[in-house]
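I have placed the structure first, in the form of structure tokens, so that the comments after it can refer back to it.
The values are calculated or read from the model by the stated rules, or taken from the named source; none is laboratory data. Here the structure is a predicted model, which is why all the values come from computation and not from measurement. FYI the Cβ positions are ideal-geometry reconstructions off the backbone, even for glycines, and counts take in every protein chain you see. Only protein heavy atoms, including side chains, enter the accessible area calculation; ligands, DNA and RNA are left aside. Shrake-Rupley method; radii C 1.70, N 1.55, O 1.52, S 1.80 Å.
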Amino acid sequence: MAKIGNIDVGDFPLLLAPMEDVSDPPFRALCKEQGADVVYTEFISSEGLIRDAAKSTMKLDIYEKERPVGIQIFGANLDSMLQSVEIVEKSGPDIIDINFGCPVKKVVSKGAGAGILKDIDLMVSLTKAMVENTKLPITVKTRLGWDHDSIKIVEVAERLQDVGCQAISIHGRTRAQMYKGEADWNPIAEVKNNPRMHIPVFGNGDVDSPERAVKMRDRYGLDGAMIGRASIGYPWFFREVKHYFETGEHMAPPTLEERVDAARRHLQMAIDWKGEKLGVFETRRHYTNYFKGIPHFKEYRMKMVTSDDSKDVFAAFDEVEKEFAGYEFA
Ligand SMILES: Cc1cc2nc3c(=O)[nH]c(=O)nc-3n(C[C@H](O)[C@H](O)[C@H](O)COP(=O)(O)O)c2cc1C
């Protein structure tokens, strides 16, 4: 049974990865319903938070139904990170996660995200200060190292644990790899096999089938799997993995009715959260994925992604439900 601080997250939990513009409240709620055991917000800039930038503070919104939920923040400045901890606490998350893994230039160039992998002492001291500044569990998400020649993740994880980090999620790539090549789970297993480690070690990177999740659990012996891209447009991935864990068999893909229902609810939750205009606009890229694979779908997709009025989008969902009733997804 894995525990993050005092939070029981079950046996080999599945965690929804923090993903910019993806892991928002409606999507997190859908993933949670489909079996995600822990969900994370997208990364939120500590500098944005302390400037009270509306875009950053909106990302702090969390809902009871998604718990346990972690809010992820990034930054490299101690004062800003400590101030953000205070701001984040007011939203009542269960966990605060620090992003030490984002590879994009504009983050890394400021020494934040994966940029901190060049300064492990700073990484450790920032984590320590944050742990000391809150009663909430602090967790870390990071990569194997800056580049192939500087992988020291076993030592890094141990140092983070020693300053009070309560769980670590490791993406099996270096910063230099960005998203290229295959994630290497061997160094993550080395972290787990370090006899001094007692906090949960979650594996991340390329868990794109139930079989891969089983491999991460049984062959690599990790404490849970953090899942990103496989869930985009497909929140059912979580239940499919769990079904496979329980039965050793693949679950049938979601029916058309389930997909329409998810699309409707996704849109409605987005409108309830952000209002009609932004709700309609920002949900477009999500729910069209729910219907991937249906042939001759363009006409309906166009209605979904070009209508500004939610009534028209809901009407398109109704049409799809009628037109493709009983469609069998591969
Ligand atoms: C669209 C997108 C946005 C992402 N945004 C974040 C983020 O905000 N914070 C973070 O720690 N990682 C972010 N990541 C990285 C993922 O959390 C994850 O580490 C990575 O996608 C590898 O896992 P996967 O193979 O299961 O997708 C993002 C990835 C994608 C694809």
Give me a count of the residues in region 187-214 that are farther than 20 Å from His243 by Cβ, more than 13 Å from the ligand (Cβ to nearest atom) and either of a type in the set (Phe, Trp, Tyr) or not in a loop (DSSP other than H, G, I, E, B) (or both). 7
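Please find, among Arg143, Arg173, Arg159, the residue that is open to solvent by 50 Å² or more (accessible area, probe 1.4 Å) and of a type outside the set (S, T, N, Q).
Checking each option against the conditions leaves just Arg159.
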Which pairs do you get when a residue that is under 14 Å from Tyr290 (Cβ atoms) and open to solvent by 80 Å² or more (accessible area, probe 1.4 Å), found in region 301-330, comes within reach of a residue that is among the small types (Gly, Ala, Ser) and modelled with pLDDT of 95 or more, reach meaning Cβ atoms under 9 angstrom, with the pair 6+ apart or on two chains? Arg301/Ala316
Counting only residues that are open to solvent by less than 10 Å² (accessible area, probe 1.4 Å) and not in a helix (DSSP H, G or I), which one in region 223-240 is modelled with the lowest pLDDT? Gly233
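So which residues in region 41-75 are on the phi > 0 side of the Ramachandran plot and crowded, with 24+ Cβ neighbours inside 10 Å, if there are any at all?
Gly75
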From the set of residues in region 241-258 that are touching a residue at least 60 places away in the same chain (Cβ under 8 Å) and in a helix (DSSP H, G or I), which is surrounded by the most Cβ atoms within 10 Å (Cβ to Cβ)? Val241
Region 1-57, residues that are among the basic types (Lys, Arg) and over 25 Å from Asp223 (Cα atoms): Arg51, Lys55
Quick check: is even one residue across region 215-227 free of Cβ contacts under 8 Å to residues at least 40 places away in the same chain and within 12 Å of the ligand (Cβ to nearest atom)? yes
Just checking, how many residues over region 269-302 are part of a helix (DSSP H, G or I) and farther than 22 Å from Phe237 by Cβ? 14
Given the options Asp37, Asp97, Asp79, name the one that is away from the ligand (no atom under 16 Å from the Cβ) and modelled with pLDDT of 95 or more. Asp79
